[in-house]
Amino acid sequence: MNRTAALAFVSLALFLLIFPLTLAKPGVPPSLKADEPAYFMMAQSLAFDRDLELRTPDIERVYREFPFRQVSNLIVESDDGWRTVYYGKPYIYSLLAAPFVRLAGADGMLACNMLLFLAMVWMGWRYLARYNSEGLALLFAAGFFFLSTAFGYVFWLQAEIFNMAAVCACFYLGFDRPAEEGGRKALLLALASGAALALAAYNKPVYAALALPLVVAWARQRRWARAATWIGGAALAGLLCIGGAWLLTGHFSAYLGVARQGVVLCEPDRMPIGPSPAAPAASAPSPAGDEDAPPPASAAAPAKPALNAWSWIFARPEVSPREFLENAGYFLWGRHTGLLLYLPFALVATLLFLAHARRSLDRWLLLVALGGVAFFFLFFIFFNWHGGGGFLGNRYFVSVYPAFLFLVTRIAPRWSVPAGFAYAGLFLGTIVLAPLGLGAPEPTLQAHARNWPYRFFPLELTLRNVPGYQRLALGSVRILGSQEVMLPQGEAAWLRGASRAELWLLSEKPLRHPSFFVRSEAPQNRVRLDMEGAHADLRFGNAGDGQQVELDPGPGDVLYRLGETFHVYRLIARTESGRVKPWRREAPPNQCPYFPQDKSQLEGFYTGAALTYLGEGDRMRADLYAVDWRSAQVPPQVGAGATFAVPVAVRNASREAWPVDGAARVRLSYHWWRPRAGGGEDLVVEDGARTDLAAEVPPGGVLAIPARVEAPTVAGRYTLEVDLVFEGVAWFGARNGGKTYRAEVEVLPAPAAAGSPAGHS
């Protein structure tokens, strides 16, 4: 071993091992995320109580280190109707970390992760030194692990770094060992290699596919003793894992034979879930949920029978070939998950393999095994293959990333190493240099993806959940945008001033001539819209000025998601100026009421423009106002201020369909009129409450729907005029000669309201 290289490694290792122990608690990080609550609390429970049962003292312990916010998404399990509650994650990683947690709490768990990470760097260094100089081998191994999301997961208190270390140990101990190693040492190494992979496979069984290149290599070489010993080591470690789980929870796995769900901890002295119907509301499931849990049940309801939480594996996957190919593309180069962005040295390793070791059947089998792992997630968990709501890059696949290093033999040309470092610098700087979280407006775990290079890569629109994006639904069209540049307000999307906002329009039908209304929120402003080759340059003199614009975009893309087909259009909106506008952030329904940052609060949004999608431009000019009123059941008497339903049946007598998407859509509404003493009528309510149409009504189609009506607040005799409105364009009655439905209604003082609905036609 080269002494200079060894000194460099030891020096770096000392720095990286010591600094996690200096992080203030409570303080950095201020809260637990994703699956961290279960893994950290399991380690605490094993360290102090020697069990995996969730009790009130466990909750008190976690709040001593993380008191600033609620503890979200704690995954729990039970098989007796939540009378006994266990942690609902595999326990092996937490068992390893328990001594570190007992000594130094959450900082100790980070130190444990760092130790595992450094062990991977050391194993990679020693493996590559078989084929290269010591210095070059260490430099490549350091770049391979540091310049990847592997380093980011060191700072996550969950099992990814443990799985990576287990996979790395498996291949270091068992793959492509020097020919001179034999006898008892070879068998011990094979035994340890099998045991290491079994630890990762206990967390995610699909990782067992990585055994393929090892076992086949020994079978080809007729080294049956090594193959049998490896299998024996894997079986023994697996049995020990299963046995430990049985002793601690009464089940072989946290995924089998139990009911599982995510809960929220709001107070340190209260259980989040229990068998009583009076269980606290804090047990509501977290929005992140759990990737393997069945749909969550409310703790306030009677407990359901135990469920097999892995039953979905045995169900027939519903992914279509087109959706699978879409996800496969995202898997490789997606903006938030792409292997080429978040694991750049995987590409470098593959290219070096093709250059120098492409005749190695064992390494081809290793690539096949890695592809098999990816295929499993893309095929069986096609809605969640990236790792759920809490992810950094591809959380599921990163666990097998170390296997790519063992594709490498010679590192030549030598410039491939600095090229890999430069390549990683394009994407991973904020992850490597700010692993505890990036300070950014509207921060999320994926805030780094707002940086410049990422905009050239596709957004994973097939995924069920990518945090940090706002959604605005207008009928069959949905608008999606990053939350730091887009804020839905009613039917308009506020766009951040002096910014570039990237929006996606997802439509069930192709958009041929989409029409928008743009209102400037600042004087002397300029707004530019670019949509699939179509452009509009709008200039505004005063704040509040608005313009309608119609675009003629190209065909866009076709997206296949969860059995549905969408037409996707990318819209870039640039604004030059802005003004701060107030808006109220409402706390999500599962938030605890005791933390100030989770309460409803008034905030400001630096708004450049408000963008409203009106619909297809052609239909704005369509003559769709001819109607045939069939019936309407209006009650003769209602209470003042009461809200009531009026079942309506009306036929579309025009030659155009009544649209239901976009802000300019057809809705059911009404006016209230009051007779004058000397004759005539006064309009009391001009714009009544709206009732949305459930679906587009074609020419000749009949719409049957209950209209929601609000009565005037002053008693008296009125006329209710039910009408349709083409929002932003015209009332039907104003375009068809006044063909509306009118009925007299007596509005009674609220306490005296009586009577039942009577039919009128």
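Points to keep in mind about this one:
- With a Förster radius of 56 Å applied to the beta-carbon distance between Arg270 and Asp623, the computed FRET efficiency rounds to 0.35.
- C-alpha center-to-center spacing [the range 548-575, the range 429-480] in angstrom: 18
- Summary: within the chain, the longest segment free of GluC sites (Glu not before Pro) located in DSSP loops with at most 14 other C-beta atoms within 10 Å is 319-507.
- Comparing Phe644, Ile59, Ile231 along the charge dipole axis of the chain, the residue lying farthest to the positive side is Ile231, per the Cβ-charge model.
- Against the empirical curve 2.2 N^0.38 Å, the C-alpha radius of gyration of the chain lands at a ratio of 1.14.
- Relative contact order for the range 622-752, counting Cα pairs under 8 Å that sit 6 or more residues apart, in percent: 33
- Restricting attention to the chain, lysine pairs at least eight places apart or on different chains and with alpha-carbon atoms under 22 angstrom apart total 7.
- Taking every Cα-Cα distance in the range 178-232 and sorting them into 10 Å bins from zero, the calculated P(r) comes out as 25, 54, 19, 2 percent.
- Per the Debye formula on identical point scatterers at the alpha carbon atoms of the range 643-754, with no solvent, log10 I(q)/I(0) at q = 0.11, 0.20, 0.23 Å⁻¹ is -0.38, -1.10, -1.35.
- Fraction in percent of alpha-carbon pairs per bin - 5 Å, the range 1-143: 2, 10, 16, 18, 14, 11, 10, 8, 6, 4, 1, 1, 0
- Inverse mean reciprocal Cα-Cα distance (Kirkwood Rh) of the range 537-657, Å: 21.1
- Net charge over other residues, Cβ less than 11 angstrom from the Cβ of Thr691 (K, R count +1; D, E count -1): +2
- Placing +1 on the Cβ of every Lys and Arg and -1 on the Cβ of every Asp and Glu, with nothing else charged, gives the range 468-619 a dipole about its Cα centre of roughly 340 debye.
- Positive-pole candidate from Leu325, Tyr202, Leu128, dipole of the chain, charges at beta carbon: Leu128
- Packing-based order for 388-397, 443-452, using average beta carbon neighbours within 10 Å, highest first: 388-397, 443-452
- Cα point-scatterer Debye curve for the range 468-619, base-10 log of I(q)/I(0) at q = 0.10, 0.20 Å⁻¹: -0.38, -1.22
- Ratio Rg/Rh [Cα only; Rh per Kirkwood] for the range 334-407: 1.00
- Taken as Cα centroids, the range 94-166 and the range 661-739 sit 66 Å apart, rounded to the nearest whole angstrom.
- Put simply, the C-alpha atoms of the range 113-232 give a gyration tensor, and the ellipsoid matching it has half-axes of 25, 19, 10 Å, longest first.
- All-pairs alpha carbon distance profile, the range 417-489, 5 Å steps from 0, percent: 3, 13, 20, 22, 18, 11, 6, 4, 2, 1, 0
- Relative to the dominant Cα principal axis of the chain, helix 321-333 is inclined by about 60°.
- Equivalent ellipsoid dimensions for the range 76-182 as semi-axes, Å, which come from the Cα gyration tensor, largest first: 34, 16, 11
- Each Cα pair of the range 483-570 feeds into the Kirkwood radius, which the Stokes-Einstein equation turns, at 25 °C and 0.890 mPa s, into a diffusion coefficient of 172 µm²/s.
- Left without a cysteine partner by the 4.7 Å Cβ rule in the chain: Cys112, Cys168, Cys170, Cys241.
Taken together, the values in this text are just the output of simple stated rules run on the coordinates, not laboratory data. Keep in mind that this is a model prediction, so the values were computed, not measured. Here Cβ is always computed from backbone atoms with ideal geometry, including for glycine, and neighbour counts include all displayed protein chains.
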